[in-house]
Amino acid sequence: MILVEGLAGTGKSSTGQKLFRIINENGESVDLIHEFNSSHPVSRETISNISDWHNNVIRNWSVLVNRLKINKLIVIMDAAYMQYPIGELLEQGLDQGKIFDFVDQVTGTIKAINPALVYFRNKDIDKAITKIYEERESSWQSKVCNFLNDTPYGRQSNLSGFDLYLDFNHNLANICDTVYAKCHFDKLKIDFQLPDPDRNILRICEFLELPFNKPQIDLAPYPGQYHESGTGKRAVISTKNDMLEISGLFSIVKSLLPKQKDSFFIYGKPYELNFSRDGSGRINGFRLSGFRDQSKNTWWQLSSKTS
């Protein structure tokens, strides 16, 4: 089990996607469980009863551990051990002692399968979170400015909106730092400054004793204009700096990371594109899949080819 942790925007999801590709190319059975995946042990339902939620999460971890023991599978997970569950408990106003007790119980549950922890740490949290806020979609901006206001954490604070979100991230980072320091797993901390994806992934591969080979892929078959058959929505795939980009799916342009043959992750997002070919071997469209119901299995037809 490879646990990738860090605050929002530190590259957890994209790092997991890159590790999936590297491990898969080395012939190992690997699964990537994003925080929005239905098999993620930390369920995302609204917490109505802390005790029930706590027990459900521990039970989910036990099920996952038993599955990995049987299948001999490598699994990559982001935000499962620290950021998301600790954040949920912090939102609910739990004191640090109870949060550490919960983490200790998770640790005892998963230690039998030899987990490895990669922790991205922001040195300047205010600067990092502000930069992420300015770069992300308006829907994400609206969420972070509002979701804490009506939580026990928010009601205990005299802050609101983005200031409350910054304060929350400082407290979350301090707790995660302590968890990392106490952790007896194999672990690696990366001080996150400006992103240097190749350098970071190289360090992680050295830590995990994985050979690092940057994939060389012929991108020429994929650029073009595509439309969703049901709604008529349009998306454009193009190349930039030896990578594919897609515009039209989100309010900002997103890069595509190779997963497997004719399959790409959307960079840092819980979605992937699986391209299809016609009888002549030419790309004729892609299927968009994701871990939210409204994005599963939508078909996008190639409208016109571009270079």
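Quick note: the coordinates plus some simple rules give every number you see, no bench work behind them. Being a predicted model, the structure only gives us computed values, none of them experimental. Neighbour counts are summed over all protein chains in view; Cβ atoms, including those assigned to glycine, are modelled from backbone coordinates with ideal geometry.
Extension gain for the segment LYS189 to ASN174, taken as residue separation times 0.36 nm less the Cα-Cα distance, is 4.0 nm to one decimal.
Computed from the alpha carbon atoms alone, the convex hull of the stretch 51-101 holds 73 Å³ per residue.
Kindly express, to the nearest 10 degrees and within the range 0 to 90, the angle between helix 125-135's C-alpha long axis and the longest C-alpha principal axis of the chain. Long axis of 125-135 versus the principal axis of the chain: about 30 degrees.
Averaged across orientations, what area in nm² does the convex hull of the alpha carbons in the stretch 145-193 project?
On the way: hull surface 18.2 nm².
Spelled out: convex hull of the Cα atoms, projected over all directions, averaged, 4.6 nm².
Around the amide H of ARG121, modelled in the peptide plane, lie the amide H atoms of ILE190, ASP191, PHE192, all under 5 Å away and 5 or more residues distant in sequence or on another chain. Of all the options LEU164, LEU202, LEU249, the one that moves most in a Gaussian network model of the chain with Cα springs shorter than 10 angstrom is LEU249.
Out of all DSSP beta bridges with both ends in the stretch 224-305, state the antiparallel percent to the nearest 5. The partial results should precede the final answer.
Working: 35 of 35 bridges.
Taking every DSSP beta bridge with both residues in the stretch 224-305, the antiparallel ones total about 100 percent.
This model, with +1 at the C-beta of Lys and Arg and -1 at the C-beta of Asp and Glu, gives the chain a dipole about its Cα centre of some 820 debye. Applying 1/(1 + (r/R0)^6) with R0 = 35 Å to the Cβ-Cβ distance of ASP198 and ASN37 gives a FRET efficiency near 0.85.
Among PHE264, PHE20, PHE147, the residue with the largest mean-square fluctuation in a Gaussian network model of the chain, with springs joining Cα atoms closer than 10 Å, is PHE147.
Below 8 Å, C-alpha to C-alpha, sequence gap of six or more: please give me the relative contact order for the chain in percent.
On the way: 480 pairs, mean separation 57.8, N = 307.
Here the relative contact order equals 19 percent.
Spin-label model, SER229 to GLN96: label points 7 Å out along the Cα-to-beta-carbon direction sit 5.6 nm apart.
Taking all Cα-Cα distances within the stretch 2-208, those exceeding 23 Å account for 45%. Shown for the stretch 1-158: lysine pairs separated by 8 or more places, or found on different chains, whose C-alpha atoms are under 25 Å apart, numbering 19.
Find the Cα radius of gyration of the stretch 145-277, compare it with 2.2 N^0.38 Å by division, and give the number to two decimals. Write out the running numbers ahead of the final one.
Working: Rg = 20.3 Å, N = 133, 2.2 N^0.38 = 14.1 Å.
Against the compact-globule rule of thumb, the ratio is 1.44.
For LYS233, a cut-off of 16 angstrom between C-alpha atoms picks up these lysines, skipping any fewer than 8 places away in its own chain: LYS296. With respect to the chain, whose longest principal axis is taken over its alpha-carbon atoms, helix 161-182 is tilted by about 80°. Which residues does the label zone of LYS305 cover in the stretch 229-252, counting backbone N under 18 Å from a point 7 Å along Cα→Cβ? Under 18 Å, as judged by backbone N against the label point of LYS305, lie 236-239 of the stretch 229-252. When both the stretch 1-19 and the stretch 83-100 are represented by their alpha-carbon centers, they are found 20 Å apart.
Kindly give the semi-axes, whole Å and largest first, of the ellipsoid equivalent to the stretch 224-305, taking each as the square root of 5 times a Cα gyration tensor eigenvalue. Mind showing how you got there, number by number?
On the way: eigenvalues 56, 49, 36 Å².
Over the Cα atoms of the stretch 224-305, the semi-axes work out to 17, 16, 13 Å.
Among the GluC sites (Glu not before Pro) within the stretch 98-191, those in coil by DSSP and having at most 12 neighbouring Cβ atoms inside 10 Å are GLU137. Each helix, a run of at least 4 DSSP H residues, gives -39500 (n - 2.57); summed and divided by the residues of the chain, these come to -12000 deg cm²/dmol at 222 nm. Taking trypsin sites (Lys or Arg not before Pro) in DSSP loop conformation with at most 13 other Cβ atoms inside 10 Å as exposed sites, the chain has its longest uninterrupted site-free stretch at 124-232.
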